[in-house]
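Structure first, commentary second.
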Amino acid sequence: MLSPAGFAALHRAGEPLLLPNAWDLASARWLVEQGAAVVGTTSLGVAVAAGEEDGAGATLVPTFELARRLTSAGITVTVDLESGFSDDPGAVAGLVAELAGLGVVGVNLEDSTADGRLVAPAVFAAKVAAVAAAAPQMYLNARTDGFWIDAPADAGAAAKRATESLERARRYLDAGASGIFVPGALDDRTVAALAEGVAAPLNVLAQPGRSLRALGELGVARVSTGSLLFRAALAAVGSVLDEVRRGIPPGSTALTIPGYAAAAELGGGTGAPSVG
C-alpha cells in the first residue's frame, strides 16, 4: 500500500493519475489486477448496492465498511465521503481521522447538497479546515460542484462558472485542502483555465473523446472515473443477459451504458446530482 505522501506524489500536472472507482472488494481487486496503484470508491455504486440514495448522507456505514475491507486487503484507497455525512465539521473531521487510522490515504468532500444546491463556501471551508487539522497526512480532495449541478448553457456562462469555481477553490485551499476536484462536462478552455488558476493538483472526471494525455496537456493532475465503471458494469450485465436470451456469443453486443439518473433510481434515489 502507498503512504499518503506516496499517493500525493502521484498527482502531477501534465502526467495525470488515472483513478478508477470501485464499489466493493471484488471490483477494487479487479481494478488492481488491471494495473491501478490506487482505487477510489464511488458513492453511487456503494449507495445503490446498499439500496440507498446517493448523495443523501445515508451510506456512512457501508462506506466505512468498504474502506475497512479494502485497506485490510492491502489496497491503497481514497474514499468518497459525499459531503461528509454531517453538517458538523468536528464530526466530519472525526470520521476522516478514523479512516486515516485504517490506512486510507485520501478522501473526497463535496460542497453541494442532496437536492442540488451549493453550500456557502465559508461553511464548506470550515469542514475542510477541521479535517485538515484532524488528519493532516490525509490527501483532502475538495470538490466544488458548480459545473456538475447546473451545466452552463454557453461559453459566457461557462466562463462565469469557472471564475466562481476558482474563487471557491482558493478558499478551500486556504483552509487546508490538498487538491481541487471540479466534476462535470468541461471544454478544453475551461479545463485549462481551472488548471492555471488552481494552485494545487486539479482533478476532473474522464471526459468523452479526450485521452488521459490530452487532459494532461491542459494541466490536469488527476482523472477520476466516478460512477462510470459501476454504470458500465450494469450495462455489461444487461448486454450479456440479452445475448443469452438471443443465443448469441456473450460479448457480441455493444454496451449501452445507463446515465447517472437511471442508475441512481436502482438505489431508491431521484437522480440528484452527484459524481458517485
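Close Cβ contacts (under 7 Å, 6 or more residues apart or on different chains) running from residues in region 1-28 that are farther than 19 Å from residue 67 by Cα to residues that are basic (Lys, Arg) and surrounded by 17 or more Cβ atoms within 10 Å (Cβ to Cβ) comprise 11/222; 16/222; 17/222.
Just a yes or no: is a residue in region 41-60 of a type outside the set (Asp, Glu), closer than 21 Å to residue 222 by Cβ and surrounded by fewer than 24 Cβ atoms within 10 Å (Cβ to Cβ)? No, that holds for no residue.
Rundown of residues vs (1) of a type in the set (Gly, Ala, Ser); (2) surrounded by 22 or more Cβ atoms within 10 Å (Cβ to Cβ); (3) modelled with pLDDT under 95, yes/no style:
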{"residue": "137", "(1), (2), (3)": "no, no, no"}
{"residue": "143", "(1), (2), (3)": "no, yes, no"}
{"residue": "157", "(1), (2), (3)": "yes, no, yes"}
{"residue": "167", "(1), (2), (3)": "no, no, no"}
{"residue": "179", "(1), (2), (3)": "yes, yes, no"}
{"residue": "215", "(1), (2), (3)": "no, yes, no"}
{"residue": "228", "(1), (2), (3)": "no, no, no"}
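Listed conditions (1) of a type in the set (Gly, Ala, Ser); (2) over 19 Å from residue 27 (Cβ atoms); (3) in contact (Cβ under 8 Å) with a residue 40 or more places away in the chain; (4) in a loop (DSSP other than H, G, I, E, B) are all met by residue 94, apart from (4).
Okay, residues lined up against (1) under 30 Å from residue 96 (Cβ atoms); (2) touching a Pro at 6+ places or on another chain (Cβ under 7 Å); (3) not charged (D, E, K, R):
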site	(1), (2), (3)
175	yes, no, yes
208	no, no, yes
213	no, no, no
217	no, no, no
220	yes, yes, yes
230	yes, no, yes
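Sub-6 Å Cβ pairs linking a first residue in region 31-43 that is free of Cβ contacts under 8 Å to residues at least 60 places away in the same chain and closer than 16 Å to residue 1 by Cβ to a second residue that is among the acidic types (Asp, Glu) and part of a strand (DSSP E or B), at least 6 apart or interchain, are 41/80, ordered by first then second residue. The helices (runs of 4 or more DSSP H) located wholly in region 1-88 that include 3 or more residues which are out of contact with any Pro (no Cβ under 9 Å at 6 or more places or on another chain) and closer than 25 Å to residue 134 by Cβ occupy 4-9, 60-72. Inside region 69-94, can you point out the residues that are surrounded by fewer than 16 Cβ atoms within 10 Å (Cβ to Cβ) and charged (D, E, K, R)? If the condition is that a residue be surrounded by fewer than 16 Cβ atoms within 10 Å (Cβ to Cβ) and charged (D, E, K, R), then 69, 87, 88 are the ones that fit.
A quick yes/no check of all residues on (1) at pLDDT 95 or above; (2) surrounded by 22 or more Cβ atoms within 10 Å (Cβ to Cβ); (3) more than 26 Å from residue 49 (Cβ to Cβ):
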site: 196; (1), (2), (3): yes, no, yes
site: 203; (1), (2), (3): yes, yes, no
site: 211; (1), (2), (3): yes, no, yes
site: 218; (1), (2), (3): yes, yes, yes
site: 224; (1), (2), (3): yes, yes, no
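Restricting attention to region 141-165, the residues that are more than 18 Å from the chain's Cα centre (by Cα) and basic (Lys, Arg) add up to 2. Within region 169-183, if we keep just the residues that are part of a loop (DSSP other than H, G, I, E, B) and either more than 14 Å from residue 201 (Cβ to Cβ) or not polar (S, T, N, Q) (or both), the residue that is farthest from the chain's Cα centre (by Cα) turns out to be 176.
The values are calculated or read from the model by the stated rules, or taken from the named source; none is laboratory data. Predicted, not measured: the structure shown is a model, and the values here were computed from it. FYI the Cβ positions are ideal-geometry reconstructions off the backbone, even for glycines, and counts take in every protein chain you see.
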